[in-house]
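The values are calculated or read from the model by the stated rules, or taken from the named source; none is laboratory data. Note that the structure is predicted; figures quoted are calculated from it, not measured. All Cβ positions, glycine included, derive from the backbone under ideal geometry; neighbour counts span all protein chains shown. Side chains included, ligands, DNA and RNA excluded: accessible areas come from the protein's heavy atoms. Shrake-Rupley method; radii C 1.70, N 1.55, O 1.52, S 1.80 Å.
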Amino acid sequence: MVRDLAGHAGLAEVTGAMTELADIAVEQAYRSVMQEMVERHGAPIDPANGKPMEMIIIGMGKLGGGELNVSSDIDLIMLYGDEGETDGARPISYHEFFGNVTRRMMPIISEPDEHGQVFRTDLRLRPDGDSGPLAWSLDAFEQYLFTQGREWERYAWLKGRIMPAKFFSDSDMGLTQQHVESMRLPFVYRKYFDFDALSALRDLRERIRQDWQRRASARQGIDTEHNIKLGKGGIREVEFVVQLTQLIRGGKMPALQQRSLLQALEAQARAGLLPQATAHELADAYVFLRRVEHALQYREDAQTHLLPSDAEVRAELAVALGMTPEDFEAKLTDHRNAVAAVFRDAFRIAGLGGDEQVAGKQVTPDSEQAAQQPHDPAQTTSMTSVGKDLPALLELFGSDSASLKQRIDSFIDSHRIRGLPSQSRQRVDDLLPLLLGSALNTETPATAMVRLLDLIETIAQRSAYLALLIEYPETLARVARIMAASPWAAQYVIQHPVVLDSLIDWGTLMEPIDFERIKLNLNADMNACVLADGQADVEQQMNLMRDLQRQVSFQLLAQDLAGVLSVEVLADQLSALADLLLSETISRVWPLVLRTEPENTPMPRFAIIAYGKLGGKELGYSSDLDLVYLFDDPDPDAAERYTKLARRLTSWLSTMTSSGRLYEVDLRLRPDGDAGLLTVSIDAFRTYQTEHAWAWEHQAITRARFAAGDAAVGQAFEAIRREVLCMARDPIKLAVDVREMRQKISDGHPNKSELFDLKHDPGGMVDLEFVTQYLVLCHARTHPELIPNLGNIALLGISGRLGLISQDIAQGAIDAYRILRKRQHALRLQGAEKARVPPAEMQTVKTAVRRLWDAVLGPDD
């Protein structure tokens with residue numbers, strides 16, 4: 001108290017000391033009672049290992065979070081490992097034994113005597129509250145959590161912590177603690193964004209509001225004005241704002257799974273889920289209000305949260321806190337106003353939309369802000385049709401009504417829908433008119449509706465997604481527009497429904513990708529993927545990276561469909577995302593290879609070299625990765641270690657998990673292809689490229705670049721690449737080799753249709769790419785401007801300026817290449833298996849490409 005009021009102890013020291021004191025008090029009470037109980041009844045024995053069984057004491061609330069205030073109750077839940085009978089002369093069941101231990105402990109801690117009491121205790125957070133057993137077996141507790149656990153219990157268990165209370169010297173609580181955490185984490189934090197909890201959390205916010213309003217009414221406004229915990233702008237409102245985001249997003253973002261409120265607040269700000277300014281406001285307000293709370297409790301020697309109404313006493317409180325009365329009142333008002341404002345807007349700030357966006361209510365965006373944003377499909381969606389019955393809505397589809405009715409009947413009768421629990425089935429029934437209303441506002445209503453039904457069939461087992469679409473009708477409107485706009489995009493959403501939540505906030509979805517923030521957040525979340533035994537949860541880490549790849553790709557897809565991105569910028573962004581994920585994969589796989597802790601593992605002298613589309617930064621949404629693995633390490637065992645790394649890395653990228661596959665990987669461009677070593681030393685790579693490689697392999701290296709790993713190894717690769725590109729070559733022999741490889745490509749992709757294949761037919765993209773590669777290999781020795789991997793467009797422009805080809809031919813080819821890529825991309829979005837069009841549509845383009853080919857490599861025979 002003295003250090004606190006003198007300003008020498010921060011909030012963390014005060015609450016940490018109180019928490020540690022509570023831990024000690026509970027442990028001493030436990031040890032005292034256990035001594036008596038074991039002497040009388042014998043020890044409970046864990047049947048799994050034959051060792052004595054401890055009671056598991058869970059600290060809840062502020063005790064669990066290490067945030068106990070100076071006059072807090074302590075909330076406890078008592079568990080034990082298994083059922084059985086003690087081994088003494090007067091044996092009793094474990095249920096009775098641990099129930100009696102709990103019953104006898106409580107008076108020791110909480111019963112007042114001439115010295116007062118240690119802590120007030122509260123056991124009501126246990127299953128079934130006052131009517132339930134005092135101590136629960138783990139099996140019974142698990143059954144309760146996952147069959148009867150309510151939303152408020154998830155809120156309560158967010159801070160649940162196993163306390164360090166132990167009686168037996170030879171007991172082993174390791175596995176038991178792991179078991180408890182393995183129950184707590186999935187109960188509190190759901191794998192996907194938890195929109196099932198939204199209604200309950202909105203109700204909880206309203207109960208918080210109503211609670212202080214009721215108290216205020218009963219006490220003529222005293223609580224509203226003076227209660228710094230429950231009143232407007234009080235501590236509980238800060239807790240709600242922070243824990244709202246934790247409960248909704250924590251399962252998907254493990255770095256948010258913090259018991260401490262201030263640490264959780266910091267994690268949310270770091271992840272970009274709260275504006276930094278808002279996070280600082282809340283943190284400052286929380287610390288200030290907790291300090292005031294402590295000062296009140298020191299003065300009253302009781303658990304109180306009411307500011308004194310007497311001006312003189314209030315002034316004394318200010319002085320005790322080291323402030324003038326005027327400064328105190330001003331700070332108190334500012335902090336509470338700031339908290340109240342954030343609390344009012346908690347759902348919007350958390351990226352979950354404002355109240356006006358929920359349950360069919362429409363947002364009218366600020367006109368100036370809306371003018372600066374790409375078109376939001378939800379803004380033109382009228383929900384006036386939602387209240388109509390299905391037959392009336394179906395009639396609005398005109399000639400498609402009959403076929404749609406058949407599809408809906410089939411949908412309703414499908415096993416996926418018929419087998420749903422009653423609550424989910426009701427949600428599907430509620431969704432149907434919403435689906436029809438949203439589809440009607442698209443350009444192709446019947447197509448949109450069919451695809452929406454396909455989506456609902458896919459996600460029906462995940463009630464959180466159904467809750468999302470019902471809670472946020474505007475999100476459903478955006479989904480409908482995407483379904484109508486592109487069959488490929490529709491299929492992407494159906495296959496990866498994890499992206500649905502990003503449609504809540506259209507403005508955020510249209511923002512540029514912040515790769516630096518993504519990198520920091522991914523690293524924090526990956527570090528937080530830990531099993532109960534402290535080991536990395538590899539499966540969760542792999543799924544996390546896959547989900548992130550889907551979400552960022554979908555953000556780019558939404559911007560693509562909105563016309564925000566050119567094909568070139570889109571490819572750059574998808575390539576940057578792949579580079580980031582490759583780098584993160586190396587950092588996670590290498591410690592697994594060495595079997596060391598990540599923080600103690602030096603990074604490998606290993607690099608990933610990107611070839612093909614990734615190498616040229618022309619990656620598409622579903623492109624595979626052409627990779628070569630290199631290392632530069634003199635250790636005699638290096639080759640074996642890096643081969644293991646290569647295998648695990650490839651497996652990490654390409655293994656199918658519950659979240660899908662991260663990338664398909666192709667390693668055939670490594671030296672000697674499939675017959676070659678999985679990873680190659682820098683020296684061996686140099687020797688191969690300069691002495692043994694085929695011309696086509698030199699063509700391939702023109703588009704290769706360092707993508708991830710050790711920068712020094714990457715620089716060594718770039719030096720080899722430069723050396724290879726600058727090798728002396730016979731232009732005629734090189735032209736023959738390029739032509740022969742072009743013919744092999746054509747033979748491997750025959751086109752028997754009358755359509756023009758944008759990529760493989762003469763006059764297509766491959767012709768242009770081969771010419772560019774020829775120009776680089778033929779002239780880089782004398783024109784080093786051609787050495788950097790700048791992409792086909794830039795290299796053709798440089799070739800024109802250098803006079804290697806006429807600028808007119810170069811510009812015509814550049815324009816043609818842009819048209820070809822744009823048309824190919826549009827066809828893929830429309831679900832075309834092959835990018836083919838009527839020849840007349842691309843006649844000008846074909847002519848421009850063939851002029852380039854003939855000018856550089858000569859006309860075909």
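Assorted remarks:
- Taking the criterion of being touching a residue at least 40 places away in the same chain (Cβ under 8 Å), not in a loop (DSSP other than H, G, I, E, B) and not aliphatic (A, V, I, L, M), the residues of region 1-27 that qualify are 4, 15, 16, 19, 23, 27.
- Residue within region 471-478 that is in contact (Cβ under 8 Å) with a residue 60 or more places away in the chain, part of a helix (DSSP H, G or I), hydrophobic (A, V, I, L, M, F, W, C) and in contact with a Gly (Cβ under 8 Å, 6 or more places away or on another chain) present: no
- Restricting region 497-521 to residues that are of a type in the set (Val, Ile, Thr), part of a helix (DSSP H, G or I) and touching a helix residue (DSSP H, G or I) at 6+ places or on another chain (Cβ under 6 Å), the residue that is modelled with the lowest pLDDT: 498
- Residue check, residue 345 modelled with pLDDT of 95 or more, among the acidic types (Asp, Glu) and under 40 Å from the mean Cα position of the chain (by Cα): no
- In region 839-857, the residues that are surrounded by fewer than 18 Cβ atoms within 10 Å (Cβ to Cβ), more than 46 Å from the chain's Cα centre (by Cα) and of a type in the set (D, E, K, R): 854
- Complete set of residues in region 1-23 that are more than 38 Å from the chain's Cα centre (by Cα) and aliphatic (A, V, I, L, M): 1, 2, 5, 6
- Every pair of residues 6+ apart whose Cβ atoms lie under 7 Å, when the first sits in region 797-823 and is in contact (Cβ under 8 Å) with a residue 60 or more places away in the chain while the second is open to solvent by less than 60 Å² (accessible area, probe 1.4 Å) and not basic (Lys, Arg): 820/758; 820/764; 820/765; 820/845; 821/567; 822/567; 823/758; 823/837
- Taking region 558-659 as the region of interest, the helices (runs of 4 or more DSSP H) fully inside it that hold 3 or more residues being open to solvent by 20 Å² or more (accessible area, probe 1.4 Å) and either touching a helix residue (DSSP H, G or I) at 6+ places or on another chain (Cβ under 8 Å) or among the β-branched types (Val, Ile, Thr) (or both) are 567-594, 638-654.
- Residues within region 305-317 that are in a loop (DSSP other than H, G, I, E, B) and more than 16 Å from residue 68 (Cβ to Cβ), tallied: 4
This table checks each residue for (1) closer than 26 Å to residue 833 by Cβ; (2) buried (at least 19 other Cβ atoms within 10 Å of the Cβ); (3) aromatic (Phe, Trp, Tyr).
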position: 442; (1), (2), (3): yes, yes, no
position: 455; (1), (2), (3): yes, yes, no
position: 483; (1), (2), (3): yes, yes, no
position: 491; (1), (2), (3): yes, no, no
position: 502; (1), (2), (3): no, yes, no
position: 510; (1), (2), (3): no, no, no
position: 517; (1), (2), (3): no, no, no
position: 527; (1), (2), (3): no, no, no
position: 548; (1), (2), (3): no, yes, no
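- Count of region 575-602 residues which are among the acidic types (Asp, Glu) and within 20 Å of residue 661 (Cβ to Cβ): 2
Table: residues versus (1) closer than 21 Å to residue 11 by Cβ; (2) surrounded by fewer than 18 Cβ atoms within 10 Å (Cβ to Cβ); (3) within 33 Å of the chain's Cα centre (by Cα).
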| position | (1), (2), (3) |
| --- | --- |
| 230 | yes, no, yes |
| 245 | no, no, yes |
| 251 | no, no, yes |
| 261 | yes, no, yes |
| 267 | yes, no, yes |
| 273 | no, no, yes |
| 277 | yes, yes, yes |
| 301 | yes, yes, no |
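- Subset of region 67-77 [surrounded by fewer than 21 Cβ atoms within 10 Å (Cβ to Cβ) and either in contact with a strand residue (DSSP E or B) (Cβ under 9 Å, 6 or more places away or on another chain) or assigned to a strand (DSSP E or B) (or both)]: 73
- Among residues of region 743-778, those that are more than 43 Å from the chain's Cα centre (by Cα), outside any loop (DSSP other than H, G, I, E, B) and free of Cβ contacts under 8 Å to residues at least 40 places away in the same chain, counted: 3
- Test: residue 87 is part of a loop (DSSP other than H, G, I, E, B) and farther than 21 Å from residue 183 by Cβ: yes
- Of the helices (runs of 4 or more DSSP H) lying entirely inside region 115-195, those carrying at least 2 residues that are within 22 Å of residue 49 (Cα to Cα) are 138-148, 174-188.
- Contacts under 7 angstrom Cβ, first residue in region 171-187 being open to solvent by 60 Å² or more (accessible area, probe 1.4 Å), partner outside any helix (DSSP H, G or I) and of a type in the set (S, T, N, Q), 6 or more apart: 172/49
- Taken together, 823, 739, 818 contain a single residue that is open to solvent by 60 Å² or more (accessible area, probe 1.4 Å), over 30 Å from residue 491 (Cα atoms) and either modelled with pLDDT of 95 or more or acidic (Asp, Glu) (or both), which is 739.
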